[in-house]
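Asker: Questions regarding the structure given below will be posed in turn.
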Amino acid sequence: MAGSEARLERLIAAMGRRRLDAYLCVRMTNVRYLSGFTGSDAALLVTASGAFLYTDGRYDAQAKEEVRGAEVAITDRKWDGVARRLRATKAGRIGFESRHISVETFRNLTRRGGERWVPVGDLVEPQRMGEDAGEIDAMESSAATAAAALLSVLSGGVEGKPEREVAADLEREMKLRGAEEVSFRPIVADAGRSALPHAAPTPARIGPEGPLVVDFGARRGGYCSDETVTLLPPRPRRGLRRAFEAVRRAQEAGLASLRPGTPCREVDARVRESLDRSGYLKYFVHSTGHGVGLDIHERPSLSRRSRDHLEEGMVVTVEPGVYLPGVGGVRLEDTARITAGGWERVTFLPKSPSPLV
């Protein structure tokens, strides 16, 4: 993975383009990306003269071992430390992550006045959209761990088990295989509940008719995987088979459009065109995909409103879905890396209509 020093240098260059004397980073995945710190509570202040990480005594040894490219300050009053550093550097224009800082913290930081605080949605996020080889390796390892865990759970049979139990088994298997944690709480949704795109697992038992939607991911080295499979019975109802094939064709159309330079909204458009031809577009209720990295949802967005363009090194999901009220849902999701010539799959499992068990 690229070193913290190089990432901080790119951030400082971006600060210069925005005429910022300092930048306050509080989004923990950004703090980790820039400094290597994996704790849960810190603030990173970046100036042209250096970077300073403020955290408390719980992370004293950890921060000093992990952090690269920044001076570590251990304090139980980190915002006071940030304010003192800003006064010492005489920063005039200070950028801050306006989506990730609380109103109370902002008021505490600005109560003395004298500086101009400039809200910035996220100055680090554009840099994070292009993953390097080490980051790709971490995501592939996460995807392999998650896939092996699901296959293990399915091999023991899931019919008759509560959705909630299967989800718990899947989480446990991912951790037993080396995941630090799951990327998100797995979705295990059977029959009519599979028509809910973000269904929470329930005590309801999984039946033989399907469809069974499983959306899952692991995290290794800090990086996430994201994959969705839909399982059907050996002889699915005709409507389910037809919906599955429509989603499969739509996903293939989306994946085929992945290449550097393509507007992300065009990938979404190809998926929608395919679903429209098959008569299922009105049952597609979310965007086509999103970036994946240290966070499970990152830029770029593969949606109708996206202004992003695909670039080599980006990692995105393509996950069309059809949700039929009272019948069930079908979603197929793969994570893909954008290459110089197109794309390569990061996830592993086949997206076929036959069951994986």
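Asker: Give the accessible surface of the chain per residue, rounded to a whole number of Å², with probe radius 1.4 Å and ligands, DNA and RNA excluded.
Answerer: 44
Asker: Another question, then. Describe numerically, in nm with one decimal, the distance between label points set 7 Å from Cα along Cα→Cβ at LYS282 and at THR75.
Answerer: According to this spin-label approximation, the distance is 6.0 nm.
Asker: Then there's this: In whole percent, and with a 1.4 Å probe on the protein chains, what portion of the accessible area of the stretch 1-128 is carbon and sulfur?
Answerer: On the stretch 1-128, the fraction of accessible area on carbon and sulfur atoms equals 46 percent.
Asker: Oh, and also: In debye, nearest 20: dipole of the chain around its Cα centre with unit charges on the Cβ of K, R (+) and D, E (-)?
Answerer: It comes to approximately 1160 debye.
Asker: Calculate, for SER155 and ARG345, the FRET efficiency according to 1/(1 + (r/R0)^6) with r their C-beta to C-beta distance and R0 22 Å; round to the nearest 0.05.
Answerer: In this case the efficiency is close to 0.45.
Asker: Quick one: helix 133-155 against the long Cα principal axis of the chain, what's the angle to the nearest 10°, folded into 0 to 90?
Answerer: With rounding to tens, the tilt is 40 degrees.
Asker: Based on alpha-carbon centroids, what's the gap between the stretch 122-144 and the stretch 1-53 in Å, whole number please?
Answerer: Using only Cα atoms, the two centres lie 17 Å from each other.
Asker: Still on this structure, please answer the following. Rounded to the nearest 500 deg cm²/dmol, what is the calculated helix-only ellipticity per residue at 222 nm for the chain, with -39500 (n - 2.57) per DSSP H run of length n ≥ 4?
Answerer: Here the helix-only value at 222 nm equals -11000 deg cm²/dmol.
Asker: Now for a different question. For the chain, modelled as a GNM with alpha-carbon contacts under 10 angstrom, which of ARG219, ARG304, ARG248 fluctuates the most?
Answerer: Sorting by GNM fluctuation, first place goes to ARG304.
Asker: On C-alpha positions alone, give me the angle between the axis of helix 264-278 and the longest principal axis of the chain, in degrees, nearest 10.
Answerer: 20
Asker: Over the stretch 296-357, with every protein chain in place, what whole percent of the accessible area is carbon and sulfur at 1.4 Å, could you tell me?
Answerer: 49
Asker: Same structure, new question: Report the extension gain between ASN108 and ASP132 in nm, rounded to one decimal, defined as 0.36 nm multiplied by the number of residues separating them, less their alpha carbon distance.
Answerer: 4.9 nm
Asker: Note down the relative contact order for the stretch 218-357 as a percent, whole number, built from C-alpha pairs under 8 angstrom at least six residues apart.
Answerer: 32
Asker: Could you compute Rg(Cα) / (2.2 N^0.38 Å) for the stretch 1-124, with N its residue count?
Answerer: Relative to the rule-of-thumb radius for its length, the stretch 1-124 sits at 0.96.
Asker: While we're here: What percentage of the solvent-accessible surface of the stretch 194-259, computed with a 1.4 Å probe over protein heavy atoms, is contributed by carbon and sulfur atoms?
Answerer: 52
The values are calculated or read from the model by the stated rules, or taken from the named source; none is laboratory data. Bear in mind that the values here come from a model prediction, so they are computed numbers and not experimental data. Don't worry about glycine lacking a Cβ; one is built from the backbone with ideal geometry, like all the others, and counts go over all protein chains shown. These area figures cover heavy atoms from the full protein model, side chains too; ligands, DNA and RNA do not enter into them. Shrake-Rupley method; radii C 1.70, N 1.55, O 1.52, S 1.80 Å.
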